[in-house]
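*Asks:* I'd like to ask you about the structure that follows.
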Amino acid sequence: MDWINYTLFTLGGAPVLLIDLISSLLGLTCVFLAGRNSKYNFWVGYLYTAALFLLFWNKNLYASLFLQPISLTINIIGHWRWTHPKKEEESSKGDLKVTQLTAQQRVLSVVVVLLLSAAWGWLLNTVLPNDPHPYLDTIVTVLILYAQLLSALKKWDCWIVWMLVNITQIILHISVGHVFMPIVCGLYLVNGIWSLVSWRKLYNKENK
């Protein structure tokens with residue numbers, strides 16, 4: 001699979017591989033469709049998960065690699081929930097309508113994310129002490145999984161979490177010297193802001 005290591009161009013002295021570009025384009029397409037309330041985001045999401053699996057395998061990032069089956073499972077659950085809602089959960093179009101977390105659920109979410117990130121960061125720092133930013137690394141991972149779960153449940157709050165993911169990812173990539181990925185994460189952030197507003201309109205429309 002030599003094509004995975006094929007370098008398309010360099011940016012700021014850092015090589016941008018073909019698999020980097022494929023993963024970025026699939027990821028951007030996936031979140032763009034999700035932000036437009038399109039169920040087809042899940043089909044792109046399956047391809048995106050496969051591309052990330054190859055990307056992390058190629059770079060020996062095994063912690064991220066092993067998370068892809070979890071992401072795939074959440075994607076499958078989300079696909080089913082969006083297309084097979086309960087009667088009381090249906091929107092006017094027959095798909096799953098947008099809802100949001102309660103204030104108590106939001107507080108609990110913050111506590112759980114912080115505790116899991118701290119515990120996972122400590123474990124990562126203990127087992128793999130060469131990770132330059134173990135706690136930042138783990139909070140990004142925990143936020144991604146939580147954002148995926150909220151997206152699968154079609155919670156408006158997912159876009160707030162995705163924006164936190166994008167911001168922390170930009171910080172993480174810059175801190176380790178990446179040039180291409182901060183730009184991609186910046187595009188994710190712009191889409192997240194747009195989707196936050198778009199889903200709020202859907203929420204107001206579907207929950208009158």
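Readers should treat all values here as calculations from the given coordinates under stated rules, not as data from a laboratory. If you're wondering where the values come from, they're calculated on a predicted model, not measured in any experiment. All Cβ positions, even for glycine, are placed from backbone atoms using ideal geometry, and neighbour counts span all protein chains on display.
*Asks:* Quick check on the range 127-183: of everything there that is charged (D, E, K, R) and assigned to a loop (DSSP other than H, G, I, E, B), which residue is nearest to Asp95 (Cα to Cα)?
*Replies:* Only one residue tops the list, namely Lys154.
Every residue, every condition in (1) among the polar types (S, T, N, Q); (2) touching a strand residue (DSSP E or B) at 6+ places or on another chain (Cβ under 8 Å), yes or no:
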| site | (1), (2) |
| --- | --- |
| Leu8 | no, yes |
| Ile19 | no, no |
| Leu47 | no, no |
| Leu55 | no, no |
| Ser64 | yes, no |
| Leu72 | no, no |
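*Asks:* With the requirement that a residue be touching a residue at least 40 places away in the same chain (Cβ under 8 Å), part of a helix (DSSP H, G or I) and of a type outside the set (D, E, K, R), what does the range 197-208 give you?
*Replies:* Ser198, Trp199, Leu202, Tyr203 - these are the residues of the range 197-208 that are touching a residue at least 40 places away in the same chain (Cβ under 8 Å), part of a helix (DSSP H, G or I) and of a type outside the set (D, E, K, R).
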